[in-house]
Amino acid sequence: MADLAQLRTEAEAAVGAAGSAAELEELRVRYLGRKSELTQALRSIGELRPDERGPVGKQANEVRRALEGLLERRTAELDASELDQRLTEDHVDVTLPGDPPVPVGHLHLVSQIRRRMEDIFVGLGFSVVEGPEIEYEYYNFTALNHPPEHPARLPQDTFYLAEQVLLRTHTSPMQVRAMELKEPPIYIVVPGRVYRPDTPDATHVPMFHQLEGLAIDEDLTLADLQGTLLAFARQMFGEHTDVRLRPGYFPFTEPSVEVDVSCFRCGGTGYEGSERCPTCKGEGWIEILGSGMVDPNVLDYVVGSGYDKERVQGFAWGMGIERIAMLVYQVPDLRMLFDNDLRLLEQFGAGP
Ligand code: DAH
């Protein structure tokens, strides 16, 4: 008969020293398995003298229970320390900088310029509103005093989506829409996308952005238009910038003017040293927008009250946002602004 006390001491020492689940399994087989001394001892109890059977059986069962309990505790201990180890080894410090640092994006140059323009006009008391890009022919042309036969209405110059529904060709349709929504006085700017079926080249793409302006109030004159645009030009291009108005023609303004700013590169001289200034091509002036006094016929199209052409009048303008961006940053080709080539985009750092 095995010495159960000694067996117990030996088994306990072995289990206590085991360092892995596999080792513990081996020890379980060795000490508690079918062929183990303990199992053999329990099996052969029947062969003992009747007075020995009770005490030996009791002791053997005690040893079995003790070993089972110990194996269970040791297994739990090993599991816990393994988890601890995994937690310390696998931990990620989320406060450390990324490696390699993830590049931070920034606004596209066109968005940066749009925001700068909006900020300047907001500073002058205008609010920013937006209008639909899918527009009725009515707001895009008719209510802007374009006669039915006006060539801009033709499909060569306008993307039609359905009869009388089109992609707006300019931001001007918001003029009448805004007046229908609000009584005068009105001081708004309207930035947004516009569409024209142009074949792309250095100065044309089929989708670009404009910023429209509209002011309607009592006693507005061309001088207010000029002062507003001068204030804008000085903030946008520099405090020494001048503006000049030249006669122009738009169906929805009367009189209509084309507005130039003095060249901010050569200071209006047309020269850089002895070379012709590349920005204004030697002109000293750069055309930046179309504008004029709102034609009273347009006010007649406003459904609703308040736009009595005897009492209120106004001025309006429309300018290309890409054109301003190209001028300010010397971008030579309009298409570059839409290629999304990072070598170009990354030159215009983090914008506002
Ligand atoms: N909508 C015109 C264009 O796209 C620009 C323009 C001219 C807008 C005169 C105006 C304006 O508001 O008064 O060419």
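The values are calculated or read from the model by the stated rules, or taken from the named source; none is laboratory data. Because the structure is predicted, anything quoted here is derived from the model rather than measured. Every residue, glycine among them, receives a Cβ derived from its backbone with ideal geometry; neighbour counts consider all protein chains shown.
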Restrict the check to the stretch 179-197 and report whether at least one residue is within 12 Å of the ligand (Cβ to nearest atom), of a type in the set (A, V, I, L, M, F, W, C) and under 21 Å from Val303 (Cβ atoms).
yes
Please name all residue pairs, on different chains or six or more residues apart, with Cβ atoms under 7 Å, provided the first residue is in the stretch 85-114 and is farther than 30 Å from Asp339 by Cα and the second residue is of a type in the set (A, V, I, L, M, F, W, C).
none
Only listed residue being among the aliphatic types (A, V, I, L, M), surrounded by fewer than 17 Cβ atoms within 10 Å (Cβ to Cβ), within 19 Å of the chain's Cα centre (by Cα) and not assigned by TED's automatic domain parsing to the domain that holds Met174, chosen from Val94, Val102
Val102
Hits in the stretch 292-329 (condition: at positive phi and within 12 Å of the ligand (Cβ to nearest atom)):
Gly292
Close pairs from the stretch 194-216: first in the same structural domain as Phe338 (by TED's automatic domain parsing) and free of Cβ contacts under 8 Å to residues at least 24 places away in the same chain, partner away from the ligand (no atom under 13 Å from the Cβ) and among the β-branched types (Val, Ile, Thr), Cβ under 6 Å, at least 6 apart:
none
Filter result for Gly267 (in the same structural domain as Leu225 (by TED's automatic domain parsing), surrounded by fewer than 20 Cβ atoms within 10 Å (Cβ to Cβ) and in contact with a Lys or Arg (Cβ under 9 Å, 6 or more places away or on another chain))
no
Pair list, Cβ under 8 Å, 6 or more apart: the stretch 325-352 residue within 19 Å of Gln210 (Cα to Cα), other residue surrounded by fewer than 10 Cβ atoms within 10 Å (Cβ to Cβ) and at pLDDT below 90
none
